[in-house]
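What follows is a set of notes on a single structure, which appears directly below.
The values are calculated or read from the model by the stated rules, or taken from the named source; none is laboratory data. Please read all numbers here as calculations on a predicted model, not as lab measurements. Positions of Cβ are generated from backbone atoms using ideal geometry, with glycine treated the same way; all protein chains shown enter the neighbour counts. Note: accessible area is taken over every heavy atom of the protein model, side chains too, but ligands, DNA and RNA are not part of it. Shrake-Rupley method; radii C 1.70, N 1.55, O 1.52, S 1.80 Å.
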Amino acid sequence: MGHHGWQGNPPGSEDEARRRIVEAATACIDRFGLAKTNLSDVAAEAGVTRQTVYRYFPSLTDILSAVALARVEEFAGRMERHLAKFDSAAEVAVESVVFGVRTVPDEPYLGLLLQAGEADVFTVAVTSPMSFALGARILRNVPVDWPAVGVTTDEDLKGLAEILMRLFLSFLQYPSTPALTDDQLRSLVRRWIAPALRG
């Protein structure tokens, strides 16, 4: 594995190299903003050539995806804490959609792909099996009696997470006209999702 540069401190593995490029990209976005960050900035921050960055990430979009994914755990923790305030399966489902729709666009890193006009890449990331598994984990960690409403297996939780994430994605990418308030969005989602979660 070639390690040109790296500010005299070459990474010990491919994974570490990727992680350091993602950290360099994060630093550049923090300093310059997304619109002014480019591959040359990221390479300079990491202490490598552009060719080295291309070796690990074929495009700036790939780097942005990696930056966003690196922050997913933090976002998941905040969503879990928010959903823990609700004690019914229906309200947790409703609030998960509202939280996602209202929070992701303003996330400094999770909203990167949307800001960069890479909605297709964002969609693929949100609708991946890994994302559905993360959504299921969030739901599992919320203090709700899922079996009481017929959600009894991990596959059930993944299925519910998938429906909620696809719903959130739809509202995020294709907002209602005129825009819905939080309460209007809650009412709409509650009307059609809550009946399925009443046991």
For this session: Identify the residue in region 6-18 that is assigned to a loop (DSSP other than H, G, I, E, B) and surrounded by 15 or more Cβ atoms within 10 Å (Cβ to Cβ) and, among all such residues, is farthest from the chain's Cα centre (by Cα).
Result: 10
Seminar exercise, completed: In region 80-94, anything buried (at least 20 other Cβ atoms within 10 Å of the Cβ) and within 21 Å of the chain's Cα centre (by Cα) is listed as 83, 92, 93, 94
Exercise. Using beta carbons and a limit of 7 Å, which pairs, at least six apart or on different chains, have the first residue in region 33-47 and within 10 Å of residue 21 (Cα to Cα) and the second one polar (S, T, N, Q) and assigned to a loop (DSSP other than H, G, I, E, B)?
Worked result: 43/49
Exercise. Looking at region 111-131, which of its residues are open to solvent by less than 20 Å² (accessible area, probe 1.4 Å) and either at pLDDT 90 or above or not in a helix (DSSP H, G or I) (or both)?
Worked result: 111
For this session: Can you work out which of the residues in region 138-150 that are assigned to a helix (DSSP H, G or I) and open to solvent by less than 40 Å² (accessible area, probe 1.4 Å) is farthest from residue 90 (Cα to Cα)?
Result: 138
Problem set entry | Residues of region 151-179 classified as open to solvent by less than 50 Å² (accessible area, probe 1.4 Å) and in a loop (DSSP other than H, G, I, E, B), total | 2
For this session: Inspect region 20-30 for any residue being without any contact (Cβ under 8 Å) to a residue 40 or more places away in the chain, within 30 Å of residue 139 (Cβ to Cβ) and out of contact with any Ser or Thr (no Cβ under 7 Å at 6 or more places or on another chain) and give the result as yes or no.
Result: no
For this session: Could you check, for region 57-77, whether at least one of its residues is surrounded by fewer than 17 Cβ atoms within 10 Å (Cβ to Cβ) and among the aromatic types (Phe, Trp, Tyr)?
Result: no
For this session: Could you list all residues from region 19-43 that are open to solvent by 70 Å² or more (accessible area, probe 1.4 Å) and either part of a helix (DSSP H, G or I) or touching a Gly at 6+ places or on another chain (Cβ under 9 Å) (or both)?
Result: 19, 23, 30, 31, 32
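May I ask you to verify whether residue 20 is farther than 21 Å from residue 103 by Cα and not hydroxyl-bearing (Ser, Thr, Tyr)?
It is true that residue 20 is farther than 21 Å from residue 103 by Cα and not hydroxyl-bearing (Ser, Thr, Tyr).
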